[in-house]
Amino acid sequence: MDIIKLRELLENELSSPYLTELDDEFYKEFDSLVKALKLGAETSRERGEDVEERLYLAQLTIAEKLMKEIIKVRLHKIVDLAVDGVPGDMSPEERRIFHILRAFIEREELSLPENIQELEIPDTATAEDTSKRVPVREAYIILVDLPRIMGVDMREYGPFHQGDLAVIPPEIGRVLLERNAAIKIRLGG
């Protein structure tokens, strides 16, 4: 995976009304690219290679922006598919989002008691997916409008609107749960 592949994927997503086929490992490969770029920047900084460090950081910024756009476009398509009730060609992570959206649309399990703070969404993996299981991930349904939030990792999250599904660091999630501003959703097993 590299920036060129991300740019090509974004172009394909923008030019087609259908989801572009992804490898099941696409999101893991992106995470590996980010880690490699961060490591390259850190190593360059330690060696005193200022220009090389800035190049790694610029690549990291470009990769993250491309990925955000890819995710936005794919999520719009997944929402359309969920409304129609037709699963498309999705990664395992996207299939989980599709099933959450379908449950919401069908009004299943999302009529929550007042003081519930966690909702368990069962893993929808098929027998053939079990060898490719993705680690359990947590997300939050935001219950109130929120401005941008600065995480302990010094990254900004949000702004969020009531009803948004957000993947945020657990530290922020805990605070939102304590203030009844979000509901935790566990994706998968």
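The values are calculated or read from the model by the stated rules, or taken from the named source; none is laboratory data. Since this is a predicted model, take the numbers as computed values, not measurements. Neighbour counts are summed over all protein chains in view; Cβ atoms, including those assigned to glycine, are modelled from backbone coordinates with ideal geometry.
For this structure, a couple of remarks:
- Tabulated pairs, the range 5-18, first modelled with pLDDT of 90 or more, second basic (Lys, Arg), C-beta under 9 angstrom, 6+ apart or interchain: Glu13/Arg74; Glu13/Lys77
- For the range 146-189, the set of residues classified as within 22 Å of Glu94 (Cβ to Cβ), of a type in the set (A, V, I, L, M, F, W, C) and outside any strand (DSSP E or B) consists of Val167, Ile168, listed by residue number.
- Residue selected from the range 129-173 under the condition charged (D, E, K, R) and surrounded by 15 or more Cβ atoms within 10 Å (Cβ to Cβ), by the criterion modelled with the highest pLDDT: Asp164
- Residue check, Arg174 out of contact with any Asp or Glu (no Cβ under 9 Å at 6 or more places or on another chain) and charged (D, E, K, R): yes
- Filtered residues of the range 50-70 (kept if exposed (fewer than 15 other Cβ atoms within 10 Å of the Cβ) and without any contact (Cβ under 8 Å) to a residue 40 or more places away in the chain): Asp50, Val51, Arg54, Ala58, Thr61, Lys65, Lys68
- Whichever residue in the range 17-49 is out of contact with any helix residue (DSSP H, G or I) (no Cβ under 9 Å at 6 or more places or on another chain) and within 22 Å of Pro87 (Cβ to Cβ) and, among such residues, is surrounded by the most Cβ atoms within 10 Å (Cβ to Cβ): Lys28
- Exactly one residue out of Leu14, Leu6 is more than 24 Å from Arg102 (Cβ to Cβ) and surrounded by 16 or more Cβ atoms within 10 Å (Cβ to Cβ): that is Leu6.
- Pairs where the first residue, in the range 91-107, is within 17 Å of Glu138 (Cβ to Cβ) and the second is at pLDDT 80 or above and in a loop (DSSP other than H, G, I, E, B), C-beta under 7 Å, 6+ apart: Pro92/Asp24
- Filtering the range 175-186 to residues that are charged (D, E, K, R) and loosely packed, with under 15 Cβ neighbours inside 10 Å leaves Glu178, Arg179.
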